[in-house]
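What follows draws every value from the coordinates through simple rules; no lab data is involved. Small disclaimer: the values here were computed from a predicted structure and weren't measured. Every residue, glycine among them, receives a Cβ derived from its backbone with ideal geometry; neighbour counts consider all protein chains shown.
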Amino acid sequence: MENPGAPQTHAFTETDRTAVYPVIFSHRKVRAQFLPDPVPDAALRRVLLAAHHTPATSFIRTLNFVVMRSPEAGQRVHDAFCATNPEAAHMFPDEKRATHGRLKLQYIPESPINLCASPVTARAAERSFSVARTC
C-alpha cells in the first residue's frame with residue numbers, strides 16, 4: 001500500500017511544519033462518548049495508509065490491522081478479553097502486572113468502529129506483507 005502523493009524528499013515545507021505541531025499538541029484520547037456516525041471508507045483508508053507507513057525496524061511493515069465495524073464483533077472481543085484477562089495478568093511479573101491491569105477495553109462494544117493492530121508473525125514477516133480485514 002504505497003502513497004503515490006508522498007513527497008520524494010524528506011524535507012518538510014514551512015506549511016507542513018506549521019500544521020503538524022497543532023495536530024500533535026491537540027491530540028486527545030477518546031475512550032467513551034463516541035459519535036454514532038459511521039466512519040467513511042475514504043477516511044478509514046487514509047488512517048490505515050498512515051498506519052502502514054509508521055516507522056518500523058528495517059522498514060518492514062510489522063503490523064496487520066483488523067477493522068471491526070460490527071457491534072457483535074466488538075462485543076465478542078470484549079467478552080474474550082474479560083474472560084482471559086485475569087489469567088493473563090498472572091503471566092506478567094509483579095512490576096508489569098499493574099500496567100496490564102489498567103487496560104481499558106470496556107468501550108470496545110460502544111465504538112462504531114474498532115481497529116485492532118497485531119504484530120506480524122515471523123513467518124508472515126518473511127513474506128513482508130500487511131493486511132487490513134473487516135469484520
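Listing for the model above:
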read-out	value
TYR21, TYR107 arranged by Cβ crowding within 10 Å, fewest neighbours leading	TYR21, TYR107
Cβ-based exposure ranking for ILE24, ILE113, in which fewest neighbours within 10 Å come first	ILE24, ILE113
Residues SER111, SER26 arranged by fewest to most Cβ contacts within 10 Å	SER26, SER111
